[in-house]
Amino acid sequence: MVNYKDLGLVNTRDMFAKAVKGGYAIPAFNFNTMEQMQAIVQAAVETKSPVIMQVSKGARNYANATILRYMAQGAVEYAKELGCANPQIVLHLDHGDSFELCKNCIDMGFSSVMIDGSSLPYDENVALTKKVVDYAHQYDVTVEGELGVLAGVEDEVVAAESHYTKPEEVEDFVSKTGVDSLAISIGTSHGAHKFTPEQCTLVNGVLVPPPLAFDVLAEIEKKLPGFPIVLHGSSSVPQDEVATINQFGGKLEAAIGIPEEQLRQAAKSAVCKINIDSDSRLAMTAAVRKVFAEKPAEFDPRKYLGPARDNMKKMYEHKIINVLGSNDKL
Ligand code: G3H
Ligand code: 13P
Ligand code: ZN
């Protein structure tokens with residue numbers, strides 16, 4: 001049993017309380033590789049932002065759970081080395097789908113876990129979430145639950161269409177489970193293929209995706225004043241990265257992500273954690289493709305993973321400063 005506090009990590013409790021009060025959101029960036037981890041830490045340190053580094057089940061399978069845990073521990077030390085005296089870094093399990101997986105992460109030093117029971121019948125979601133909370137809270141690990149279903153792919157949880165969170169369920173869910181934060185569905189969706197041009201409306205020559213359901217968010221906030229709310233599926237699918245990928249041999253379909261203006265609006269509300277993964281994948285792929293196309297003789301991985309790391313760092317900093325507003329909070 002490793003306690004996250006001994007690794008220099010923190011849970012989400014104080015972080016979220018300050019974010020809700022201060023009208024900003026904490027970035028939750030997924031990581032699978034050393035370059036992503038380095039870029040996240042560099043961006044967080046340079047902008048003086050707290051940060052959540054999250055690990056999906058897929059990331060555990062790809063990179064090995066133990067390695068990722070040591071990378072998070074390394075992230076704390078790296079942040080200090082970069083000059084941050086008191087880094088606020090959370091190691092979070094993204095989309096945990098069983099009690100055993102959550103327990104395993106808690107036992108190996110995660111400071112926060114998500115139990116995603118959103119695909120289960122309501123009562124089963126409550127029971128599973130409560131079981132995870134009861135275990136996690138013994139070690140002061142914070143827990144994120146989910147109500148409502150996002151469109152797209154959530155690891156193995158596949159939903160053909162989104163089902164908004166029902167505001168009338170949230171109070172009961174939070175009080176019965178004791179969760180520390182709640183992921184909701186108000187129209188965001190996972191992946192880099194949201195939204196197709198057909199799903200958008202043409203306004204003054206610009207494709208505008210269906211707006212987020214801010215009325216549902218407002219209802220939820222009314223039922224749970226000041227309670228930390230989480231938005232998954234919040235990548236904006238930067239059009240310049242998509243263009244670079246396609247210019248250098250990629251074949252990405254046209255897609256319009258979540259407009260940053262809407263995320264800015266959400267960050268000012270009780271939404272205090274915003275999940276971004278796909279934008280990092282796009283930034284990485286664009287940089288790698290550019291090097292491969294412009295320098296076909298290059299075969300030193302540092303020469304393409306280095307630019308990929310720099311491009312991800314630029315994207316993370318942009319999100320922190322211009323979208324979530326979590327800069328200068330350390
Ligand atoms: O919500 C899903 C995350 O983007 C993680 O994706 O399961 O492919 O690692 P992944
Ligand atoms: P995106 O695919 O929009 O980046 O969402 C990531 C996410 O929600 C991780 O849990
Ligand atoms: Zn998610």
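The values are calculated or read from the model by the stated rules, or taken from the named source; none is laboratory data. All values reported here derive from a predicted model rather than from experimental measurement. Using ideal geometry, Cβ is built from the backbone for each residue, glycine included, and neighbour counts are taken over all protein chains shown.
Remarks
- Some residue of the stretch 165-187 being modelled with pLDDT under 95 and either touching a Ser or Thr at 6+ places or on another chain (Cβ under 8 Å) or not in a loop (DSSP other than H, G, I, E, B) (or both): yes
- Scanning the stretch 7-28 turns up one or more residues that are more than 16 Å from ligand 3 (Cβ to nearest atom), of a type in the set (S, T, N, Q) and under 25 Å from Gly226 (Cβ atoms).
- Taking (1) of a type in the set (Gly, Ala, Ser); (2) away from ligand 2 (no atom under 15 Å from the Cβ); (3) at positive phi; (4) without any contact (Cβ under 8 Å) to a residue 60 or more places away in the chain in turn, Gly109 satisfies each apart from (4).
- Selection status of Leu68, crowded, with 22+ Cβ neighbours inside 10 Å and away from ligand 1 (no atom under 13 Å from the Cβ): no
- All strands (runs of 3 or more DSSP E) inside the stretch 200-269 with 1 or more residues being more than 15 Å from ligand 2 (Cβ to nearest atom): 201-203, 206-208
- Residue that is surrounded by the most Cβ atoms within 10 Å (Cβ to Cβ) [pool: residues in the stretch 174-227 that are out of contact with any helix residue (DSSP H, G or I) (no Cβ under 7 Å at 6 or more places or on another chain) and of a type in the set (Val, Ile, Thr)]: Thr188
- Residue list for the stretch 87-110, restricted to those being small (Gly, Ala, Ser), buried (at least 24 other Cβ atoms within 10 Å of the Cβ) and farther than 19 Å from Ile276 by Cβ: none
- Residue list for the stretch 163-196, restricted to those being within 21 Å of Val113 (Cβ to Cβ) and either more than 15 Å from ligand 3 (Cβ to nearest atom) or small (Gly, Ala, Ser) (or both): Val170, Phe173, Val174, Ser175, Lys176, Thr177, Gly178, Val179, Asp180, Ser181, Ala183, Ser185
- Residue match in the stretch 112-125 (condition: hydroxyl-bearing (Ser, Thr, Tyr) and modelled with pLDDT under 95): yes
- Number of the exception - Ala160 against (1) within 16 Å of ligand 2 (Cβ to nearest atom); (2) modelled with pLDDT under 90; (3) hydrophobic (A, V, I, L, M, F, W, C): (1)
- Screening Thr129 with (1) more than 19 Å from the chain's Cα centre (by Cα); (2) within 26 Å of Thr47 (Cα to Cα); (3) surrounded by 24 or more Cβ atoms within 10 Å (Cβ to Cβ) gives one miss only, at (2).
Residues checked against (1) within 16 Å of ligand 2 (Cβ to nearest atom); (2) closer than 27 Å to His137 by Cβ; (3) of a type in the set (Ser, Thr, Tyr); (4) modelled with pLDDT under 95:
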site: Gln38; (1), (2), (3), (4): no, no, no, no
site: Val41; (1), (2), (3), (4): no, no, no, no
site: Thr47; (1), (2), (3), (4): no, no, yes, no
site: Ile52; (1), (2), (3), (4): yes, yes, no, no
site: Ile67; (1), (2), (3), (4): no, no, no, no
site: Met71; (1), (2), (3), (4): no, yes, no, no
site: Ala85; (1), (2), (3), (4): no, no, no, no
site: Val90; (1), (2), (3), (4): yes, yes, no, no
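- Unmet criterion (only one of (1) away from ligand 3 (no atom under 16 Å from the Cβ); (2) out of contact with any helix residue (DSSP H, G or I) (no Cβ under 7 Å at 6 or more places or on another chain); (3) not acidic (Asp, Glu)) for Ser112: (1)
- Subset of the stretch 116-139 [in contact (Cβ under 8 Å) with a residue 60 or more places away in the chain and either closer than 20 Å to Met53 by Cα or part of a helix (DSSP H, G or I) (or both)]: Asp116, Tyr139
- In the stretch 31-51, residue farthest from Met315 (Cα to Cα) [restricted to those that are crowded, with 22+ Cβ neighbours inside 10 Å and within 13 Å of ligand 1 (Cβ to nearest atom)]: Phe31
- Of the helices (runs of 4 or more DSSP H) lying entirely inside the stretch 16-112, those containing at least 2 residues that are within 26 Å of Glu261 (Cα to Cα) are 34-47.
- Scanning the stretch 270-295 for residues that are out of contact with any Leu (no Cβ under 8 Å at 6 or more places or on another chain) and either in a strand (DSSP E or B) or modelled with pLDDT under 95 (or both) yields Cys272, Ile276.
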